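To keep things clear, I will list the structure first and then write my remarks on it.
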Amino acid sequence: MKSKIILSIFYILFIFNSNLLSDEDNKTLKVGLLAPLSGPYSEIGNSLLYSLQLSLEEINDKNVVIVPRDSGFNNKDKISAAINQFRSSGVKVIIGPVAHEEFEHVKKYKDFIFISPSNKNPEISNNIISIGVSLESQLTALIKFIKKQKKIKTIIMYPKNNYLELVEKKKEKLNLDNIKKFVYSSNPEILTGEIEILTNYSQRKRNLELRKKMFEDKEDEQSVKELERLEKLYTLGDVNFDSIIIIDFGNNLKSVLTSLVYTDVSQDKVLFTTVNQWFDESIFYENSIKNIYYPSVNYKEFKKYNNKYFKKFEIYPNEITILAYDALGLIYYAWKKNGEISSVNDFLFKNKIKGKIGTFSFKDGKVIQELDIYKTDKKRFIKF
């Protein structure tokens, strides 16, 4: 069987840069950036712009030009004005929009191709390609990992919030009907009670008390030792699951983890997993959890990118900006390979593509990321 070829974006760019500029010196690749450069989300927009500057430096081709325009945030008037400016500037391919909510507005502009860092929908539409780390790719990686650990009683947990519908659609699409779901409140005061029900906490506490009473009045050595052992426990009996997938982030995720530990879910028996946390180091200070596993992009490349960005701009980037960095490399590769970019079909490469975020491919009309599994251990992220 022939091994699959994986194309490294910037290795290919170097080869193209050295050898394939013969009859295209007079051509210019104009790439638009449609992002919130003003308003409450301007930090993200400007971070994307800085990221593209780094990517341009690595490409090192004077024929590539970035044309940034302000989209505001889900502002239809600003988006329409930006599109008109792109058109008059000769831009055909655009990095953006940032928000999935803006897809409905830009999809009508059929004469443009949009490469978005959004992760909501990996399906490739007529003129939009989302290269964000999709929930589908994450769940696929987690299910594969959990099966390798020989866990068979998995619960997928997620909060009652704006993402509820999206999560349930992805769960259905991936045919995860054999996995039980548990939907919980985002309110920590309500959450703990819900987790107590999930883990049968009250009954397991009663089991312990009943067991202790059996040995309280006995004085033989075996009974005394058993009572001493029981005194060190908080509950008695296992929960009815051996692995969990928590789809949550930040303080909400920490509240869920704390509640699971409070209800005495054994970390030696139950595998704790969650979705991509972008190597958020604040999770190290959630002292109740020893190890938690999650899928993510290539950690070494992510760290290199962050350090390079900081060295250049003296601030650290927003996490999603590494996607824009890869997007420009992908666009440049498609331009060099095809001589021009006229439709999304110019990006549907048969080979896998290796960028800063890791390896991804275009299959069955969607973008698929091949994610690594990482675990937190002693304030480090370790590839599993």
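Summary table
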| read-out | value |
| --- | --- |
| Criterion (within 26 Å of Ser130 (Cα to Cα), surrounded by 13 or more Cβ atoms within 10 Å (Cβ to Cβ), of a type outside the set (A, V, I, L, M, F, W, C) and in the same structural domain as Ile190 (by TED's automatic domain parsing)) met by exactly one of Thr273, Thr263, Thr258, Thr321 | Thr273 |
| Identity of the residue in the range 223-237, not in a helix (DSSP H, G or I) and not basic (Lys, Arg), that ends up surrounded by the fewest Cβ atoms within 10 Å (Cβ to Cβ) | Tyr234 |
| Selection from the range 169-183 of residues that are more than 20 Å from Ile195 (Cα to Cα), in contact (Cβ under 8 Å) with a residue 12 or more places away in the chain and of a type in the set (D, E, K, R) | Lys170, Lys171, Lys173 |
| Members of the range 184-222 that are touching a residue at least 60 places away in the same chain (Cβ under 8 Å) and surrounded by fewer than 15 Cβ atoms within 10 Å (Cβ to Cβ) | Ser186, Pro188 |
| Flag for Lys151 being surrounded by 14 or more Cβ atoms within 10 Å (Cβ to Cβ) and in contact with an Asp or Glu (Cβ under 6 Å, 6 or more places away or on another chain) | yes |
| Condition met for Tyr325 (in a helix (DSSP H, G or I) and touching a helix residue (DSSP H, G or I) at 6+ places or on another chain (Cβ under 6 Å)) | yes |
| Subset of the range 95-115 (residues that are in contact with a helix residue (DSSP H, G or I) (Cβ under 9 Å, 6 or more places away or on another chain) and within 12 Å of Val344 (Cβ to Cβ)) | Phe112, Ile113, Phe114, Ile115 |
| Index of the failed condition, Ile368 passing every other in (1) in contact with a helix residue (DSSP H, G or I) (Cβ under 7 Å, 6 or more places away or on another chain); (2) modelled with pLDDT of 90 or more | (2) |
| Strands (runs of 3 or more DSSP E) lying entirely in the range 238-319 (those with 3 or more residues that are modelled with pLDDT of 95 or more and more than 21 Å from the chain's Cα centre (by Cα)) | none |
| Options Phe284, Phe347: the member that is of a type outside the set (Lys, Arg) and within 30 Å of Leu233 (Cα to Cα) | Phe284 |
| Only listed residue being in contact with a helix residue (DSSP H, G or I) (Cβ under 8 Å, 6 or more places away or on another chain), within 30 Å of Val265 (Cα to Cα) and of a type in the set (Ser, Thr, Tyr), chosen from Tyr305, Tyr374, Tyr332 | Tyr374 |
| Residue match in the range 351-366 (condition: in the same structural domain as Asn126 (by TED's automatic domain parsing), part of a strand (DSSP E or B), in contact (Cβ under 8 Å) with a residue 60 or more places away in the chain and closer than 30 Å to Gln267 by Cβ) | yes |
| Positions within the range 154-175 being touching a helix residue (DSSP H, G or I) at 6+ places or on another chain (Cβ under 8 Å), closer than 21 Å to Leu253 by Cα and surrounded by fewer than 18 Cβ atoms within 10 Å (Cβ to Cβ), in sequence order | Leu166 |
| Near pairs, Cβ below 6 angstrom, 6+ apart or cross-chain, from the range 287-301 (touching a residue at least 40 places away in the same chain (Cβ under 8 Å)) to any residue that is among the small types (Gly, Ala, Ser) | Pro295/Ala141; Val297/Gly358; Asn298/Gly358 |
| Within the range 310-326, tally of residues that are of a type in the set (S, T, N, Q) and within 17 Å of Val31 (Cβ to Cβ) | 1 |
| Some residue of the range 194-207 being touching a strand residue (DSSP E or B) at 6+ places or on another chain (Cβ under 9 Å) and closer than 19 Å to Ile373 by Cβ | no |
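Results for (1) closer than 22 Å to Val367 by Cα; (2) in contact with a strand residue (DSSP E or B) (Cβ under 9 Å, 6 or more places away or on another chain); (3) polar (S, T, N, Q), shown as yes or no for each residue.
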{"site": "Ile128", "(1), (2), (3)": "yes, yes, no"}
{"site": "Leu142", "(1), (2), (3)": "yes, yes, no"}
{"site": "Lys151", "(1), (2), (3)": "no, yes, no"}
{"site": "Glu168", "(1), (2), (3)": "yes, yes, no"}
{"site": "Asn175", "(1), (2), (3)": "yes, no, yes"}
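The values are calculated or read from the model by the stated rules, or taken from the named source; none is laboratory data. Every value quoted in this text rests on a predicted model; they were computed, and no experiment measured them. Every residue, glycine among them, receives a Cβ derived from its backbone with ideal geometry; neighbour counts consider all protein chains shown.
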